[in-house]
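The values are calculated or read from the model by the stated rules, or taken from the named source; none is laboratory data. Since this is a predicted model, take the numbers as computed values, not measurements. When we count neighbours, we look across all protein chains shown, and the Cβ atoms used for this are built from the backbone with ideal geometry, even at glycine. Accessible surface areas use protein heavy atoms only, side chains included; no ligands, DNA or RNA. Shrake-Rupley method; radii C 1.70, N 1.55, O 1.52, S 1.80 Å.
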Amino acid sequence: MTSEPQRTRRISIVVLLACLALSLICVVYPIYVIRPFRAQGARELAIALVVMRFRSAATLISGVAALVALALYWRAQPRRWRRAFATAGAAFVCALAALARVNVYELMFHPDDRPSFAAASRTKLDKDEKVIAVKIGGAARAYPIRNISYHHVINDVLGKVAIVATY
């Protein structure tokens, strides 16, 4: 038969580990699935999008549960080094809750608001290079797909008209 403090410690550790696992899944899975230049299956993408939709709430609840479990663990665990490990785990869950609110894709694929251009004769484009060409009135521009693949969005003004080039 286990004593009440042992039971409290075990339950607290299980809750902390569950919170850690849930938070890791909520943050890492969408990044894994939606990473750039990788083919995505329809089902895994749908799951990743659902996870992204609910991850803020899930990681917030997970963070609160981890802090409550940590408080209970501290009351039941006399050893400081074990308390330190539990504290580190709860801190990691809280850090993941904060990271779940950051849209890494906005950080990775920020729009290019100041594209630079050169005359076609001065460019070093491969003969098979694909471009998005835009012509408005007498003004024309070509945006190489290779360059757009990093930003995914090019904000520009062409012939006094604001445009967005994307693919």
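For this structure, a couple of remarks:
- Failed item in (1) open to solvent by 80 Å² or more (accessible area, probe 1.4 Å); (2) among the hydroxyl-bearing types (S, T, Y); (3) without any contact (Cβ under 8 Å) to a residue 12 or more places away in the chain, with Y167 passing the rest: (3)
- Only residues that are of a type in the set (D, E, K, R) and surrounded by 14 or more Cβ atoms within 10 Å (Cβ to Cβ) were counted in region 45-72, giving 1.
- Figure legend. Inter-residue proximity from region 114-134: first residues in contact (Cβ under 8 Å) with a residue 40 or more places away in the chain, second residues in a strand (DSSP E or B) and surrounded by 12 or more Cβ atoms within 10 Å (Cβ to Cβ), beta-carbon distance below 9 Å, spacing 6+ or different chains. Indicated pairs: P115/R141; P115/Y143; P115/I154; P115/N155; P115/D156; P115/A165.
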